[in-house]
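One structure is given here, and the rest of the page talks about it.
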Amino acid sequence: MLYRVMDKRELPKLVRAFMESYEVVAPVKRGNGYVFDRIDSPEEIELGYTQTASSPKKYFMPPVETMMKFDTEMNLVSDYVEEVTPRVVFGVHTCDISALNRLDVALLGGKYVDPYFKARRDATLVVGISCKPNDNCFCHLWGADEAPFGYDLFLHDIGEKYLVSMSNVVATNILEASCELAEASDEDRNAYRHATRERQRAFNPEIPHIQDVAMLMDVFHEDPFWEELGGRCLSCSACASVCPTCFCFDIRDVLEPDGMSGRRERTWDACTSPGFAAVTGGHNFRPTGCDRVRHRMYHKLNGFMVNHDRMLCVGCGRCVAACKTNINPIEVLRFFKRKGADDAE
Ligand code: SF4
Ligand code: SF4
């Protein structure tokens, strides 16, 4: 990994250089919050944001995506029809980079690679930025407050400058051609260590740091807690929509009025939807809110871990803000604490 130091005043030059060859999306202010959106000038970027309402996942797996078109009369099926835009996702926090790494495992790491996700991942550069946690953030509990890989450039804020980690040749060439860079000095390295310690101290101490969460999910699988938690679920799917690691989708064929041609779409789906586990014949494997919410938490905090050695939750805290009935992983950690589980803090 290469490191260089860049004065913060150089940043607009880097963004403009990216804009010459890529669409650039970045955190921008919308109403009272922040979202990732396409920018037309570097001045729109708000790098001081704490959390965007939803994650950059939509640029790698859109909420609705046409997979192919078909014409039964002509006996024709098209290839993948959507244009994949060369893009830079600028200003991504470590939790969202960690989430992309998990999507890579799920969608690219198995026997069957997801070609739609791969096409967008390959066409996208990711530029990370260090962050300050808000009260809902708990990425440090799952080790997602550091992103050792999964980005092309990472800007560590060290005051008036950025310590830039460079892990991709294309992005590095654009950086070096557009900005004045310097070798990192001892003072810069100390500033980096100081900023890292400050960030670690800023996490909400009220969120319990429970050990062995995956094991506890098994131990308390039948506890009445899940009835209470799941009974509150409105099946609104907000949690899955904002979650950077939820990747479940549905596939449907949409017919044109002629009934002969149409398109095959995939759309985001959510395991908290009542019909998610319903099958032909009318049986539903998870008919109650309890079944669905427990399954969701189980996949995040146990199931993915068993198969891939890491949580599927990166502690971004978005579902904490999005769920109107306060169903989120922090509530599960608090339940374990009430049950007497060890709190590492
Ligand atoms: S489950 Fe919640 S906190 Fe965890 S990654 Fe998803 S939205 Fe973020
Ligand atoms: S857990 Fe909360 S956000 Fe998710 S579907 Fe249920 S009510 Fe909606």
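The values are calculated or read from the model by the stated rules, or taken from the named source; none is laboratory data. All of these numbers come straight from a predicted model, not from anything done at the bench. Cβ: placed from backbone, ideal geometry, glycine included. Neighbour counts: every protein chain shown.
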Practice task
Go through 317, 259, 282 for me and flag whichever is at positive phi and under 22 Å from the mean Cα position of the chain (by Cα).
Solution key: 317
Exercise for the section: May I ask you to list the residues in segment 209-242 that are more than 9 Å from ligand 2 (Cβ to nearest atom), at negative phi and assigned to a loop (DSSP other than H, G, I, E, B)? Expected result: 209, 211, 220, 221, 222, 223, 224
Practice task
Search segment 189-200 for residues that are loosely packed, with under 15 Cβ neighbours inside 10 Å and pair each with any residue that is part of a helix (DSSP H, G or I) when their beta-carbon atoms are under 8 Å apart and the residues are at least 6 apart or on different chains.
Solution key: 200/140
Practice task
Check segment 241-255 and report whether any residue there is surrounded by 15 or more Cβ atoms within 10 Å (Cβ to Cβ), at pLDDT 95 or above and of a type in the set (A, V, I, L, M).
Solution key: yes
Exercise for the section: Please specify each residue of segment 185-208 satisfying the condition of being assigned to a loop (DSSP other than H, G, I, E, B) and either within 16 Å of ligand 1 (Cβ to nearest atom) or farther than 30 Å from residue 299 by Cβ (or both). Expected result: 185, 203, 204, 206, 207, 208
Practice task
Among residues belonging to segment 296-327 that are touching a residue at least 40 places away in the same chain (Cβ under 8 Å) and among the charged types (D, E, K, R), point out the one that is farthest from ligand 2 (Cβ to nearest atom).
Solution key: 310
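Which residue is nearest to the chain's Cα centre (by Cα), if the candidates are limited to segment 88-109 and must be aliphatic (A, V, I, L, M) and within 19 Å of residue 299 (Cβ to Cβ)?
Looking at the filtered set, the residue picked out is 99.
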Practice task
Considering every residue within segment 254-265, establish whether at least one is polar (S, T, N, Q), more than 16 Å from ligand 2 (Cβ to nearest atom) and not assigned by TED's automatic domain parsing to the domain that holds residue 137.
Solution key: yes
Completion exercise
When every residue in segment 287-332 that is β-branched (Val, Ile, Thr) and buried (at least 19 other Cβ atoms within 10 Å of the Cβ) is compared, the one nearest to ligand 1 (Cβ to nearest atom) is 314
